[in-house]
Amino acid sequence: KVPRALHWPGRSRREEQRGSATCAMSPSSRSSTAPRVLALGVFIFLHAALVPTAQAKQHQPAFQVCDDKRPSGRHSCHEQKQWGKCTQQWFVDGNYCRKTCGRCREFDPRKSEVSLRGAMNQCRLKSEQAERACVDAILGNDLGVAVRSSPDGDDAELSMGEVFQSDAFFRLMRECNVGCLVEHSDDMLVRSIVGGFVEKHESRSKKLGDILTADALAMMLLNWFKYVRCGMDQFLVIVPKLYEVLLRHSPSQDRHLLGQIYQISGTLEGANETIEYASPYQGHPSASTCLAKSLKEFLSVRKCDGGGGGYSCYNGRG
């Protein structure tokens, strides 16, 4: 008999039971049912592969403000907690009184240096002097890169792309062991630091600036170094090239953007081994794996995307 959980669409229970009995006796019935069994197998496989597990959801960083949003009415969050509302599902789903109910932790920027130094202790930087320099560079967004002169003669901060291409950026990432710092830092600390970087070093493209927000870049860093754990060499090769691909993209190339991203590769100075976007490297997952949760957002730079996940980029309507 067909299990109750596997009810075929468009068929009654009696039809399924009759069909099961017929299948046991008739080879022709077995052959007609085979495509449905195959389709079910494909569905189960894709569901298992594509639906995130509870562990993956737990690793998805969220940058929500820790607040005390109250439901309609005049009662305070303190009163709601006393009445036991904090554990009621409608209260949790509505994100009500998260701070009072202890469902979030408020980030205090004044403790950034203490938190960052705590991470540095675990990452064991070379010296106290190096630690001080890294704190100043990271919290003050002073990467030691030259300031660019603007056409009107005034000094201007380097764009995000110019920073990614600078020797100072490479030096900071390595000498301050930024990958280790991200791994041992609170998610909100990473978000706060990235927010300062984004404010100081804007993208040269408004469209790209709308995509590479502080939240998006912080989540990319956290997934890369903390949750999926790709390597620093991969980051220094792939991310600057990815930025350039997105920056130079034009609507006429919409259909080819995904392929261009998957073809990204390069080598670090003094190294012979090629690092590829879609290939693991020295025991680390591929960059494509570490950027999997960010890829859809990156692809929205395409004009044909239309907010629909890019389907129209491939179905002939883009």
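The values are calculated or read from the model by the stated rules, or taken from the named source; none is laboratory data. These numbers were taken from a predicted model, which means no experiment stands behind them. Using ideal geometry, Cβ is built from the backbone for each residue, glycine included, and neighbour counts are taken over all protein chains shown. Heavy atoms of the whole protein, side chains included, go into the accessibility calculation; ligands, DNA and RNA do not. Shrake-Rupley method; radii C 1.70, N 1.55, O 1.52, S 1.80 Å.
In this structure I193 has an accessible area near 40 Å², from a 1.4 Å probe over the protein heavy atoms.
Each 10 Å bin from 0 upward holds the following percent of the Cα-Cα pairs of the stretch 242-304: 20, 49, 25, 6, 0. Cross-link reach is defined here as a Cα-Cα straight distance under 16 Å, omitting same-chain residues fewer than 8 places apart; for K207 the lysines meeting it are K296, K303. Dividing the alpha-carbon radius of gyration of the stretch 162-270 by the rule-of-thumb value 2.2 N^0.38 Å gives 1.09. 3J(HN,Hα) along the stretch 165-178: 8, 7, 5, 5, 5, 4, 5, 4, 4, 7, 5, 8, 6, 4 Hz, from the Karplus curve 6.51 cos²θ - 1.76 cosθ + 1.60 with θ = phi - 60°, whole Hz, x for Gly and Pro. Between R70 and L295, the distance separating the two model label sites (each 7 Å from Cα on the Cα→Cβ line) works out to 4.7 nm. Under the convention that each Lys and Arg Cβ holds +1 and each Asp and Glu Cβ holds -1, the size of the dipole of the stretch 185-270 around its Cα centre is about 200 debye. Could you work out the local net charge near C77, counting Lys and Arg as +1, Asp and Glu as -1, over the other residues with Cβ closer than 14 Å to its Cβ? So the environment of C77 carries a net charge of +4.
Computed packing ranks the peptides 93-103, 293-303 as 293-303, 93-103, most packed first, by mean other Cβ atoms within 10 Å.
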